[in-house]
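Worksheet: one structure, shown below.
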Amino acid sequence: MVQTMWPSLFRMSSDVSDQIRCIADIVSSYNRRRVTIIYEAEAYDNIYSELLNSLSEELDKIGSKIEDQVILRALSPSASVEKFLEEKLVKLKCKASPIFIVLGLSSRASGHFLKEARKIGLFNRNSIWIFAEKPFDNLLASVEHSIISTTMEGTIGFVTYRPENHASRDFKIKFLNKFHQKHGETFNFEQSIDVSRAYDSLMTVKKAIGALPTNDITPELLLDRISSVRLIGLSGVIQFEKGQLTGQAKFQIVSVDGNESRALQLWSPNFGFSKSFPQKQSQRTSAYANSDTLKTHRKYIPQMVIGIPRTTPFGKFVKEQIDDVTGKATYIGFCIDVFEKAHPHGLNYTFLPHEGTYEDLVNKVHDKTYDAAVGDITILANRSQYVKFTQPFIESELSMIVPAKPDSDRALIFMKPFTPIMWVASGGILIYTMLVVWFLEHPTNPAFRGSWPNQLSTVLWFTFSSLFYAHRERINHNFTRIVLVNWFFVTLISTQSYTASLTTMLTLQELKPTVTTMERLRISKARVGCDAVSFVCDYLKNTLNFSKDIIIGLRNSSRYGDQFTSGNIAALFLESPYERAFLAKYCYGYAVTHENYRFGGFGFVFPKDSSLAAKFSEAILRLSESGEIKRLENKWFRRKCAMRNDASEIPRLGLDSFWGLYAFTITISTACLLVVICQLLYTYRYMVLRSR
């Protein structure tokens, strides 16, 4: 088509679609799902719209997409250039583990661009920069080499592959001599493809003219000879078909490495990368082996970018600490400790704080913005559909925290040490012992004789006074003494236990929750609080049918107590791990209710295709079995403070603690009673026989 419109035009450049496919393959190797495009264009330049459409199609094939575009209008040498670039680039700073693709950048704009990007901090260890061939050449040719070597180290670019031969080596020596005379020898890189193609164009025309008769050169004949020329040039094989080069371009992937561009691998449209490309790289330092420049074999481990919540409730799970001397951020917390004990040996990773909800954090693992996520992330069924969770390292269920007040109704507190069954059993034992004593003493002891009312009052008085060892009646029968010794022992144990339990109840005030069930909250329409960045607020609304109007999302966990004090909320809904942290901070005045709404627990998040999730799950199980996770829980959630908030009733003494003692006293009393009855029967029989 090109030669049909312009018959005298021969195209020396490669098909731009090959560059687009090469960029897409590089993005795919990093396993990222979102990219940002940067290019410089004139006001009415439409070439990039076609490139973007092609790139968008190629990225869509690998599951990636263009997230943002930064268009740099053709820059003029003025004082406002830096300000303009700063306004354009500053919005890219907040992107997490980004891939920046530079499609177009002029030589004039390269220096300003690199200066502003470095000042804003876009060239950091987590960002990945990919330069297309033309802007990469412009950048290397126009910017001070010391700035490039210190700022752009590890940046990826690609250039058209040019095979080494005798002619190319001779030309390179001559070219570099000229280049170094003009620019110095501080930076060493290949001449651009434009230089090679310009030289090849001259050699093509020269060869075509040399094959023509010197006295009969016409334009038509020259074009015909150029079409039939075939030579090995600096840029490769030069041969045309319909005005286009016949061979497909091969690209050399290179990385800025100190004062030189380090050759990495080859890429071709038919075969892709010549060597296995690393799966991902989130440092600026290159992560490739078998460098053509160094001629050595070095093993690099790609660095994982792990998203963590910027803030977590109570600072117990993930917390950022800034070193006062170095200014470097470190991360501590229960979740961090579990991760560091569970991760495989040699894992290279960096933590990247995430601003936003936990749902956003999980989504960024799904779209490969993060390689994983670590923190207090709850395992939920809907999340498990698009990411992979590890084995939970701590259980989770819904906790309802409400204010607790001392029980004001204490008139019958003296009845609470014993359970109702215990009172009945104790009364039964007392009456039984009373009857046995009366039966044993009545025949021989005058104190237990007289009218029936007198006998009844004597027996009752004797039995009750014996509880306090205040009885004065004389005992005549030896079996009665045995029964009473056993009864005094039972009385001693029972009264001492009762006294201890009652003392505890009087000393420790029993806390009563102001609300006991979720149903009462729903009916009363009292306002309830929840962590605004977690899923609990949506769970209350969608699953537990709380009205949206009474649900208050709270972001500052340090103010939870103030929310209760001010009456802004009547109850606070948290997951059980947060409940422990809450009770460790607010040591008195709150009660907790669980209604068996269980979740999957806290786990680490990985992409669906990650093999690390299984390794972490195995490690977490080993930590659980060894008791290490329990030790970490005790380290971060101190129990002694939380125990003071136990609003449950003090355990009452029941028959299960005394049935053995009661059975023993019944046995002794019954045995004495049976012996005396047997004696009476024997005496009665003897008297009957004697009277005959």
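The values are calculated or read from the model by the stated rules, or taken from the named source; none is laboratory data. Because the structure is a prediction, the values reported are computed rather than measured. When we count neighbours, we look across all protein chains shown, and the Cβ atoms used for this are built from the backbone with ideal geometry, even at glycine.
Within the range 401-434, can you find the residues that are modelled with pLDDT of 80 or more and either assigned to a loop (DSSP other than H, G, I, E, B) or in the same structural domain as TRP461 (by TED's automatic domain parsing) (or both)? Residues satisfying the conditions are PRO417, THR419. Determine if the range 350-357 includes at least one residue that is surrounded by fewer than 24 Cβ atoms within 10 Å (Cβ to Cβ), at negative phi, assigned by TED's automatic domain parsing to the domain that holds LYS388 and without any contact (Cβ under 8 Å) to a residue 24 or more places away in the chain. No; the residues of the range 350-357 include none that is surrounded by fewer than 24 Cβ atoms within 10 Å (Cβ to Cβ), at negative phi, assigned by TED's automatic domain parsing to the domain that holds LYS388 and without any contact (Cβ under 8 Å) to a residue 24 or more places away in the chain. Among the residues making up the range 26-62, those that are polar (S, T, N, Q) and modelled with pLDDT under 75 are ASN31, ASN46. Summed over the range 208-247, residues that are surrounded by 12 or more Cβ atoms within 10 Å (Cβ to Cβ), under 30 Å from SER274 (Cβ atoms) and either in contact (Cβ under 8 Å) with a residue 12 or more places away in the chain or hydroxyl-bearing (Ser, Thr, Tyr) (or both) total 13. In the range 570-614, the qualifying residues are those that are of a type in the set (Val, Ile, Thr) and modelled with pLDDT under 90, and the one that is surrounded by the most Cβ atoms within 10 Å (Cβ to Cβ) is VAL592. In the range 475-492, the qualifying residues are those that are aliphatic (A, V, I, L, M) and surrounded by 13 or more Cβ atoms within 10 Å (Cβ to Cβ), and the one that is modelled with the lowest pLDDT is ILE475. Please enumerate the residues belonging to the range 531-558 that are farther than 16 Å from SER396 by Cβ, of a type in the set (S, T, N, Q) and surrounded by fewer than 15 Cβ atoms within 10 Å (Cβ to Cβ). The answer is ASN542, ASN545, SER547, ASN556, SER558.
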